[in-house]
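Comments concern the structure below.
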Amino acid sequence: MTRSLYAVVILLFCMGAAVAQGRFIPSDPVFDTEPVQCPSRYAPQSVCRRLSENFAYVRPDRGFEASAGLITDGASIPGWAQGFIGRPHDKAFIRAAVLHDHYVRKENAVLSYLATQQLFYWALLDSDVPKDKAMLMYAAVLVGAPKWSLYYRAKPEECDTPMDVECVKNDGDIQADEVVNYTEAAFNQPGFQQAVASLENSPALKSGDLAALEREALGMRALLGLPTPPSAVFGDQ
């Protein structure tokens, strides 16, 4: 894909972020009955569950799908934030969390970093999370979630869930050197709690200005000393 075409794709994708109007298949994710051991990437006190069926999210222009077998800790909400945000496996958050946990894995990173966080925001809105809370959670993942650059956007794999729009899932041909500058999550990074407190009182949040809140959250990554690679690195592909 050429650089100019890639830029158009990302622009159109981001322009669609203003209004959430998707549906979930099935209506809620289905998990194994018992919790499972969490991977080392999660905090020690996390409770993890394994997705037992594919879980899809269909928007007017494209579809997304998390694969059965995904292990998730739910929404990665630190203990100190659960009193005013909610618990990681709350029904209001779990659909967005499952999709987010699929697409932030390095092997599934076929969307840009920003587009992946926007997907989380859309799914929160379509789960009837109030807009101000969805915006705050979106800003928090912009600060603390893994970040990466796409070397190029590979042709997406077809989803297993039937849908009448293009599916963006993952690609078996993605190689490690094509998803570059990958940084791990920083939800336990010193200063993250103060960053969320600042975002909670942000004028951009109070006015509903999503673009301004994005800029503020990404600026906080720099203040915390977190790596912030560009969304795309273009090569000969």
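Miscellaneous remarks
- Taking amide hydrogens as placed 1.01 Å from N in the peptide plane, the amide H of ALA186 sits under 5 Å from those of ALA145, each at least 5 positions away in sequence or on another chain.
- Taken one residue at a time, the phi angles of segment 104-114 give Karplus couplings (6.51, -1.76, 1.60, θ = phi - 60°) of 8, 5, 4, 6, 10, 7, 9, 10, 5, 4, 5 Hz. Gly and Pro are set to x.
- Pairs beyond 20 Å (Cα-Cα), from LYS133/LYS206; LYS91/LYS206; LYS106/LYS169; LYS147/LYS206; LYS147/LYS169: LYS91/LYS206; LYS147/LYS206
- For segment 182-194, the Karplus equation 6.51 cos²θ - 1.76 cosθ + 1.60, evaluated at θ = phi - 60°, returns couplings of 6, 10, 6, 4, 10, 5, 9, 5, x, x, 5, 4, 5 Hz by residue, with Gly and Pro reported as x.
- Cut-off under 5 Å, modelled amide H: who pairs with VAL129 long-range: none
- Within-14-Å neighbourhood charge of PRO130 [Cβ basis; K, R +1; D, E -1]: -2
- Reduced Cα scattering model of segment 22-140, Debye log10 I(q)/I(0), q = 0.10, 0.16 Å⁻¹: -0.27, -0.72
- Long-range amide H partners of CYS159 with built H, under 5 Å: CYS167
- Our coupling estimate for segment 30-40, obtained by passing each phi through the Karplus curve with A = 6.51, B = -1.76, C = 1.60 and θ = phi - 60°, is 10, 10, 4, 4, 9, x, 10, 5, 7, x, 5 Hz, Gly and Pro reported as x.
Laboratory data are not the source of any read-out in this text; all were calculated from the coordinates shown. As the structure is a computational prediction, the values presented were derived from the model and not from experiment. As a convention, Cβ positions derive from the backbone with ideal geometry for all residues, glycine included, and neighbour counts pool all protein chains shown.
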